[in-house]
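The numbers here are math on the coordinates, done by the rules we state, and not lab data. Computed from a predicted structure; not experimentally measured. We place every Cβ from the backbone using ideal geometry, glycine too, and count neighbours over all the protein chains shown.
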Amino acid sequence: MLKELIHTGIGAAVILKQKVEDELKKLEDEGKIKTKDAKSFLESIETKGKEEEQRIKEQLKSTLKEVIEELGLATKEDLAKLKEDLK
């Protein structure tokens, strides 16, 4: 389910990016916006997208750690320690 949600989000982002690029191209062709401004706008959106992606990754990582703790699941570190103790 999580994988499907991520794929849906990525798909939506790709479609949105294409639509924005198409609209900017139309505005450019009509002389309503300069090429430089369109490129700057796209770069700005891309930068914000990357920042948001990083924020979401950190939030997801933190949430998953909390869930693992709440469920009492063993972590890699727990298993490594247990393995070492059993030697």
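Anyone know which of A12, A38, A74 comes out most mobile in the 10 Å Cα GNM of the chain? Of A12, A38, A74, the most mobile in the Gaussian network model is A74.
Within the listed set E77, E51, E28, the Gaussian network model of the chain (springs between alpha-carbon atoms below 10 Å) gives the highest mean-square fluctuation for E77. Could you list, in their original order, any pairs among K19/K57; K17/K48; K57/K83; K17/K39 whose Cα atoms are separated by more than 19 Å? In this structure, K19/K57; K57/K83 exceed 19 Å between Cα atoms. Helix content alone sets the calculated 222 nm mean residue ellipticity of the chain: runs of n ≥ 4 DSSP H residues at -39500 (n - 2.57) each, divided across all residues, give -31000 deg cm²/dmol.
For log10 I(q)/I(0) by the Debye sum over Cα atoms at q = 0.11, 0.24 Å⁻¹, the value computed from the atomic coordinates appears in the list [x] -0.55, -1.15; [y] -0.50, -1.11; [z] -0.28, -1.25 under label [x]. Helix 35-71 and the longest principal axis of the C-alpha atoms of the chain enclose an angle of approximately 20°.
Close amide-amide hydrogen proximity is noted between I33 and E28, each under 5 Å apart and 5 or more residues distant or on a separate chain (H modeled in the peptide plane; Pro and chain starts excluded). Each label point was placed 7 Å from the Cα along the Cα-to-Cβ direction; for Q54 and K34 their separation is 2.9 nm. Between A80 and S62, the modelled labels are 2.4 nm apart [label points 7 Å from Cα along Cα→Cβ].
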